[in-house]
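This report refers to the structure that appears directly beneath it.
The values are calculated or read from the model by the stated rules, or taken from the named source; none is laboratory data. Since the structure is predicted, the reported quantities are computational estimates derived from the model, not experimental observations. For neighbour counting, all protein chains shown are included, and Cβ atoms are generated from backbone atoms with ideal geometry for every residue, glycine included.
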């Protein structure tokens, strides 16, 4: 009986350690402060033309690092800044509003780099003022 209790306790602890946060991962995280979508993505809305937001995002990426791939028809930019892989998506939400998502991951795309995503989002915001 003692052996079974020990096994149940250890397996419960192991399960909690392995699967903690799993529900957030499956759902894609939660919105924190109306900006962050997940642990590696910042999102914001701008009342600016898509071309102007595209140019500002492209300029920021080239200033801070380099662009690996840009797809203007789909409004995405992939690049590398400070050894982190970044992805910027610009989406036309309405006639006047554009949504921008800045995603940053470091360490072979395994770890989120939320600080960099936040910095890039803020730099793009400053360029659009």
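Taking the range 80-108 on its own, how many of its residues are in a loop (DSSP other than H, G, I, E, B) and more than 16 Å from residue 43 (Cβ to Cβ)? I'd like the intermediate steps shown before the answer.
To start, the set of residues in the range 80-108 that are in a loop (DSSP other than H, G, I, E, B) comprises 82-83, 93-97, 107-108.
From what's left, more than 16 Å from residue 43 (Cβ to Cβ): 82-83, 95-96, 107-108.
Going through the range 80-108 one residue at a time, the tally reaches 6.
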Is at least one residue of the range 112-119 in contact with a strand residue (DSSP E or B) (Cβ under 9 Å, 6 or more places away or on another chain) and under 13 Å from residue 46 (Cα atoms)?
no
Could you grab me the full set of residues in the range 93-117 that are under 15 Å from the mean Cα position of the chain (by Cα) and over 15 Å from residue 80 (Cα atoms)?
99, 100, 101
I need the full set of residues from the range 78-109 which are in contact with a helix residue (DSSP H, G or I) (Cβ under 8 Å, 6 or more places away or on another chain) and closer than 17 Å to residue 49 by Cα, in order please.
88, 90, 92, 98, 100
Considering only the range 109-123, how many residues are surrounded by 17 or more Cβ atoms within 10 Å (Cβ to Cβ) and either assigned to a loop (DSSP other than H, G, I, E, B) or not assigned by TED's automatic domain parsing to the domain that holds residue 48 (or both)?
1
Give all pairs with beta carbons closer than 6 Å in which a residue from the range 49-61 that is assigned by TED's automatic domain parsing to the domain that holds residue 101 meets a residue that is assigned to a helix (DSSP H, G or I) and surrounded by fewer than 20 Cβ atoms within 10 Å (Cβ to Cβ); count only pairs at least 6 apart in sequence or on separate chains.
56/127; 60/123
Residues of the range 63-79 classified as outside any strand (DSSP E or B), at negative phi and surrounded by 13 or more Cβ atoms within 10 Å (Cβ to Cβ), total:
2
